[in-house]
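Before any comments, here is the structure.
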Amino acid sequence: MRLSQMYLPTLREDPKDADIESHKLLLRAGMIRMNVSGIYTFLPLGFRVLKKIEKITREEMDRAGYQETLLSAIQPKELWEKSGRWDTFGPEMFKLKDRNDREFCLGPTHEEYFTDLIKDEVKSYKQLPVHLYQIQTKYRDEKRPRFGVIRAREFIMKDGYSFDKDVAGMDESYKVMWEAYEKIFDRMNIDYKIVEGDSGAMGGSDSHEFIAIAESGEGVIAYSDSSDYAATDEKAKVVIEIDESGDPLEIEEIHTPDVKSIEEVGDFLGEGREKLVKTLVYEIDGEPVFAVIPGNRELNETKFFNALGVSDFEIEIASDETIKKAGSEPGFIGPVGLEGDYKVLVDERVTRMKNIIVGANKKDYHIKNVNYGRDFEATVIDDLLLVEEGDKDPLSDGKLHLDRGIEVGNIFKLGTKYSKSLEFSYLDENGKAQDVYMGSYGVGISRLVAAIVEQNHDEDGIIWPISVAPFEIIITLIKENDKDQVKLSEELYEYFTEEGFDVLMDDRKERPGVKFKDRDLIGIPYRITVGKRASEAIVEFSNRSEKINEEIDINELKSRLLSDKNK
Ligand code: ATP
Ligand code: MG
């Protein structure tokens, strides 16, 4: 491709509304453009990267025995009603009606559709397992679209589905996908961790997320320094030591004027923080629900919502009005003496703590020497805590550390959730009907474009790994009116193209400085500069990641790049 003929609208300045480096660089390098919030176009250069990411993913899916398909994005409401997700998916789902008022959604994912697709034709154990995938556009009306194509409302996903006879088959399919994902992300040179994930809206038993490590990532992962334990912060088990000593003392009300936050209460009472317990109130349809946790820790909302069996769009922080309705008082909330039959979820540790201090549900008062069982009870007792740096590893004596990252892939064991609700069963060897065991496997194809840039850039621009680079070689022609330079550039362009490289030639009538800046920005790995020594068949060569310029004879350059390619 010749740059003089290419549509490559680069920007000199950082775009104002771009929030993280990858977003800025993809806009500046003329790879993507925003249409409206969370809706993006891939321009020619960005599209080439997208295609390479797709190609790697496709090759590894095919190698793992999956067959590619293409289902429509538009899906009928009835399918989603059967699985129960028409309502539970919530406002993230784009819904629409046709001219006859029939309802549809723009698929945010395709579990229902794939199940429905094959269930009437796959009837016998002899036809299982089935492994299918697609690379297709997904629609999710995200609450906070941001970071460019990382959290978009229209994006490209590779979604794969496995259908097996039993748990053992599902486990095997899961393992095969796990290994395929390792290959996919290794080939893209991604620095990633595999962590246990929360199954959330998917349902099912087991899930893992592939997280590209990045400071700017929205996801937090916890991993052990001495075992294999690694999980998202939503999922990570919290193990903490509790002081269970002491006999229950007489309950006592204490006057704490204007002392509200847990820090203020601690300072005011001069008590060790470990005696303080905080109570948080949320509301579902105007009804309060309570979470009671140790005062020095944070609530894990995902664990709390899962324990309640609600999705995050169904629940919110309680208003003062709702708090008062339960006979409580904002700032002085506690689990003792609530008026009404409300759900009170208590962190397991709180049930073992002795003589704790809680809000008195009365303005300017707290109570001390409160004990679980004697003074209040729980609807549910569970681990409700958010993991912290330095927490104990649940699997060893080691510690957990936290890192940030971007989820680029996700694998789920779905079990029989969809086969049951959509009535997909098969006849086993004995002619008996059995449920099909499913798995679902996603790769964020368009998100990967940005995740890779997050991990590969410097102050001058993007540094594409060779496997996904839009072009592998850029030839910079310094003087487009110098015969020797033009001739050598053309020769090299033809040679490397013939040898199967993706070559870009900067033959524009621009100053060399402009050409150098642009090639830094768009991040092509191998750089050949054809300049004053062209008549001697000598060019300058450098690598985007190292930037060390060397003068090199073209024959040596040819053999070096060829041997690199064949490695
Ligand atoms: P997240 O926690 O980031 O919202 P998710 O758990 O909703 O992701 P899945 O439903 O598992 O995501 O989708 C599979 C993959 O699709 C994800 O691993 C991610 O890489 C990608 N993906 C999900 N949502 C988006 C989005 N809004 N924009 C771009 N890619 C996305
Ligand atoms: Mg999501």
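The values are calculated or read from the model by the stated rules, or taken from the named source; none is laboratory data. Note that the structure is predicted; figures quoted are calculated from it, not measured. Methodologically, a virtual Cβ is constructed for each residue, glycine included, from the backbone with ideal geometry; neighbour enumeration extends over all protein chains shown.
On the basis of being more than 29 Å from A307 (Cα to Cα) and surrounded by fewer than 21 Cβ atoms within 10 Å (Cβ to Cβ), does E196 make the cut? No; evaluated as a whole, the condition is false for this residue. Among residues of the stretch 334-351 that are more than 17 Å from K324 (Cβ to Cβ), those with a Cβ under 7 angstrom from a residue that is assigned to a strand (DSSP E or B) and small (G, A, S), sequence gap 6+ or separate chain, pair up as L345/A291. For the stretch 94-116, the set of residues classified as within 16 Å of ligand 2 (Cβ to nearest atom), farther than 15 Å from K417 by Cβ and either more than 23 Å from the chain's Cα centre (by Cα) or crowded, with 20+ Cβ neighbours inside 10 Å (or both) consists of C105, G107, P108, listed by residue number.
Scanning for something under 22 Å from A180 (Cβ atoms), among the small types (G, A, S) and within 14 Å of ligand 1 (Cβ to nearest atom), does the stretch 151-158 turn up at least one residue? Checking the stretch 151-158: not a single residue is under 22 Å from A180 (Cβ atoms), among the small types (G, A, S) and within 14 Å of ligand 1 (Cβ to nearest atom).
Quick check on V277: is it touching a Phe, Trp or Tyr at 6+ places or on another chain (Cβ under 6 Å) and of a type in the set (A, V, I, L, M)? If you could, list the steps in order and put the result at the bottom.
Working: touching a Phe, Trp or Tyr at 6+ places or on another chain (Cβ under 6 Å): no; of a type in the set (A, V, I, L, M): yes.
No: the conditions fail for V277.
Scoring D397 on the criteria (1) in a loop (DSSP other than H, G, I, E, B); (2) free of Cβ contacts under 8 Å to residues at least 40 places away in the same chain; (3) not aromatic (F, W, Y) leaves a single failure, condition (2).
Within the group M157, M170, M177, which residue is within 14 Å of ligand 2 (Cβ to nearest atom) and either modelled with pLDDT under 95 or outside any loop (DSSP other than H, G, I, E, B) (or both)? Reasoning before the result, please.
Values: M170 fails: within 14 Å of ligand 2 (Cβ to nearest atom); M177 fails: within 14 Å of ligand 2 (Cβ to nearest atom).
From the options M157, M170, M177, the qualifying one is M157.
Residues that are of a type outside the set (A, V, I, L, M) and within 16 Å of ligand 2 (Cβ to nearest atom) were ranked within the stretch 210-267; the one that is surrounded by the most Cβ atoms within 10 Å (Cβ to Cβ) is F210. Residue pairs whose Cβ atoms lie under 7 Å apart, separated by 6 or more positions or on different chains, with the first residue in the stretch 431-454 and free of Cβ contacts under 8 Å to residues at least 40 places away in the same chain and the second more than 8 Å from ligand 1 (Cβ to nearest atom) and among the hydrophobic types (A, V, I, L, M, F, W, C), are A433/L427.
Please go through the stretch 139-183 and pick out each residue that is more than 23 Å from I74 (Cβ to Cβ) and in contact with a His (Cβ under 6 Å, 6 or more places away or on another chain). Within the stretch 139-183, F147, G148, S162 meet the criteria. Of the listed requirements (1) surrounded by 14 or more Cβ atoms within 10 Å (Cβ to Cβ); (2) modelled with pLDDT of 95 or more, F89 misses just one: (2). Annotation note: of K165, K123, K143, K119, the sole residue that is among the charged types (D, E, K, R) and within 16 Å of ligand 2 (Cβ to nearest atom) is K143.
Residue check: E142 meets all listed conditions (1) assigned to a strand (DSSP E or B); (2) within 16 Å of ligand 1 (Cβ to nearest atom) but one, namely (1).
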